[in-house]
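The values are calculated or read from the model by the stated rules, or taken from the named source; none is laboratory data. A quick note: this is a predicted structure, and the numbers were derived from the prediction, not measured. Reconstructed Cβ throughout: ideal geometry from the backbone, glycine too, with neighbour counts over all protein chains shown. Side chains are part of the model used for accessible areas, which takes the heavy atoms of the whole protein and leaves out ligands, DNA and RNA. Shrake-Rupley method; radii C 1.70, N 1.55, O 1.52, S 1.80 Å.
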Amino acid sequence: MESTAGRWWAPGRVNLIGEHTDYNEGFVLPLALPLGMTCTAAVRPDGLVRLRSRQAPCDAIDATTIALGTAGWSELPAWTHYPLGVIREFERRGHQVPGVEIDLDSTVPIGAGLSSSAALSCAVAIALRDLFAPTVSAAEIIDIARTAENVYVGVPTGILDQSASMLCTAGHVLFLDTRDSAYEQIPFDLDRFDLSLLVFDTGSPHHLMDGEYALRRAECAAAAEQLGVGFLRDITDSALVDRLADPLLRRRARHVVTENARVLRIAEQLRAGADPRVIGPILTAGHASLRDDYDVSAPPLDTAVAAAVAHGAHGARMTGGGFGGSVIALVDSERADRVDAAVREAFASKNFDAPRTFTVTPVAGAHRLS
Ligand code: GLA
């Protein structure tokens, strides 16, 4: 019998390394968080879409009922553009969505750089797939969710977040080549080595929509063109970057080229079963590159990284798009409390709001709950 209702879940992510590489056709290495979006959905026979979110501001908690296919989204709360964009994309690709009731409830902090939006889009997309278009593949879901964000929300993101939410598996990091979408699950068993991965949500919101993200994309495209390649991924020798006359473009390109090399090094070490402590300094070098060459860090992120490393973290870096958001730190489990306390003290001394700290282990990607 065809399914007419159910519950689905899709996770947020942290990216272990490989930041701002995806739109340069480079490499990324994310893991899925045990924080995610639950989407309860049911078919509606009346051609209407009804959306509800437990996290929406008060005036939007009541059901928003709109006729499918109507214009006028701008009057609806911004979060509704993600599910509506996903519905539109299903329809544009020839999958009819006759009407649906969607209730959303998320545990991913919003604006923390942990992919709350991909969790939302992917949870809705797998619900629509199971209700209306069971033949749609995971690759197509990733494309639908990404297009929803690019076209209907207007943020020109790459494919990192949606791929992580859909493809990650428990106990692994996802090594993804964004050029051809080939991927590999690499074991990331921190327990075995008495290690923990801490996530500090600094509470300083990251704004991908304010134009800086799009500007970085444009700078990378300009650098690639001047270097005579299609994408910065094609440059593997960082010395070639020095041919760029503009010092700003040189810094941007250097970040991308060295970051791809860092992803490859870490993937190689984890694949070989090395003690993950060895990747620590590479993580911290990645942060310096994002801060100094790519200019996407922010004082709370730098403060968290510096305090974590000074108090014994093997490595730490901002994760996600930047301009605020979250930091990850790789620590000996027995030191986790001390590192957490040190970051809190550093924040207090600079009058930053206290961060929220999570200890995370990689979980499985998007799936149906019931
Ligand atoms: C955001 C985007 C991703 C990626 C990261 C930076 O999370 O959604 O596509 O570009 O920034 O690595």
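Quick look at the numbers
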item: From Ile126, Ile141, residue being out of contact with any strand residue (DSSP E or B) (no Cβ under 6 Å at 6 or more places or on another chain) and buried (at least 24 other Cβ atoms within 10 Å of the Cβ); result: Ile141
item: The lone exception for Gly203 - which of (1) under 24 Å from Pro34 (Cβ atoms); (2) within 16 Å of the ligand (Cβ to nearest atom); (3) at pLDDT below 95 it fails; result: (2)
item: Qualifying residue in region 188-198 (condition: within 16 Å of the ligand (Cβ to nearest atom) and either open to solvent by less than 50 Å² (accessible area, probe 1.4 Å) or over 13 Å from the mean Cα position of the chain (by Cα) (or both)); result: no
item: Residue in region 235-279 that is farthest from Asp295 (Cα to Cα), counting only those that are open to solvent by 60 Å² or more (accessible area, probe 1.4 Å), touching a Leu at 6+ places or on another chain (Cβ under 8 Å) and free of Cβ contacts under 8 Å to residues at least 40 places away in the same chain; result: Arg243
item: Test: residue in region 290-309 that is in a loop (DSSP other than H, G, I, E, B), more than 15 Å from Gly113 (Cα to Cα) and within 19 Å of the chain's Cα centre (by Cα); result: yes
item: Pairs where the first residue, in region 16-33, is near the ligand (Cβ under 10 Å from one of its atoms) and the second is part of a helix (DSSP H, G or I) and among the aromatic types (Phe, Trp, Tyr), C-beta under 9 Å, 6+ apart; result: His20/Tyr213
item: Some residue of region 62-83 being modelled with pLDDT of 90 or more and open to solvent by less than 40 Å² (accessible area, probe 1.4 Å); result: yes
item: Filter pass, Gly228 being touching a residue at least 12 places away in the same chain (Cβ under 8 Å) and either of a type in the set (S, T, N, Q) or exposed (fewer than 13 other Cβ atoms within 10 Å of the Cβ) (or both); result: no
